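The values are calculated or read from the model by the stated rules, or taken from the named source; none is laboratory data. These figures come from a predicted structure and were not determined experimentally. Glycine also receives a Cβ, built like all others from the backbone with ideal geometry; neighbour counts cover every protein chain displayed. To get the accessible areas, we keep the full protein, side chains included, count just its heavy atoms, and leave off ligands, DNA and RNA. Shrake-Rupley method; radii C 1.70, N 1.55, O 1.52, S 1.80 Å.
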Amino acid sequence: MMREHLIKRIGGHNGGVAAVEFALVAPLVIGLMMGMFQVSIGMHNYNSLRGAVDDTARYTIVNFQKEDRDDEQALAEAARAIATSSPYGLNGDQLDVTVDILDDSRVAGALEATITMEYDVPSVARMIGMGDIHIEYSRPVFLIS
């Protein structure tokens with residue numbers, strides 16, 4: 001009898017239900033939010049990478065037309081300067097730039113260069129096991145003399 005009374009008393013008390021539900025659901029919601037932030041930052045950095053490669057391609061074409069033909073190293077340094085400056089603002093420590101001027105062009109009478117940028121997007125969600133995301137963007141540039 002006393003036991004039944006205790007079970008009814010405990011079963012009828014629901015004061016901590018919200019706290020228990022919050023404790024069960026909060027880690028999932030926080031993890032989802034952090035994942036969304038990470039994906040958003042990654043997409044922003046990918047768009048910045050694409051824009052920086054496109055600006056480098058324009059820079060290369062304009063300089064080539066002015067007969068100021070930079071070598072691969074000078075173009076890579078210009079690309080790094082473009083990517084790390086405003087409006088892109090990528091972190092130079094996590095950026096790798098490669099410019100290759102190819103011997104055999106796919107277009108007759110043109111010089112072909114390939115601009116490649118690689119970037120490691122820093123993780124804001126390390127506590128949920130998400131590491132840095134590696135992104136890469138490459139683009140050919142055809143230079144006609």
First in segment 53-80 and closer than 11 Å to residue 113 by Cβ and touching a residue at least 24 places away in the same chain (Cβ under 8 Å), second anywhere and of a type outside the set (A, V, I, L, M) and open to solvent by 40 Å² or more (accessible area, probe 1.4 Å), Cβ under 7 Å, 6 or more apart: 57/139; 72/100
Filter segment 108-132 for residues that are modelled with pLDDT under 90 and β-branched (Val, Ile, Thr); which is farthest from residue 71 (Cα to Cα)? 128
Filtered residue count, segment 115-145, keeping only those that are farther than 16 Å from residue 48 by Cβ, open to solvent by less than 50 Å² (accessible area, probe 1.4 Å) and among the polar types (S, T, N, Q): 1
Expected single match for within 26 Å of residue 143 (Cα to Cα) and surrounded by 15 or more Cβ atoms within 10 Å (Cβ to Cβ) among 55, 104, 68 is 55
Can you tell me which condition residue 109 does not meet? The list is (1) small (Gly, Ala, Ser); (2) out of contact with any helix residue (DSSP H, G or I) (no Cβ under 9 Å at 6 or more places or on another chain); (3) open to solvent by less than 50 Å² (accessible area, probe 1.4 Å), and all the others hold. (3)
Go through segment 73-105 and report how many residues are closer than 14 Å to residue 50 by Cα, in contact with an Asp or Glu (Cβ under 7 Å, 6 or more places away or on another chain) and in a helix (DSSP H, G or I). 1
Of the conditions (1) modelled with pLDDT of 90 or more; (2) open to solvent by 80 Å² or more (accessible area, probe 1.4 Å); (3) within 30 Å of residue 130 (Cα to Cα); (4) not in a loop (DSSP other than H, G, I, E, B), residue 21 satisfies every one except a single condition; which number is it? (1)
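This table checks each residue for (1) over 21 Å from the mean Cα position of the chain (by Cα); (2) modelled with pLDDT of 95 or more.
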{"position": "5", "(1), (2)": "yes, no"}
{"position": "42", "(1), (2)": "no, no"}
{"position": "55", "(1), (2)": "no, yes"}
{"position": "70", "(1), (2)": "yes, no"}
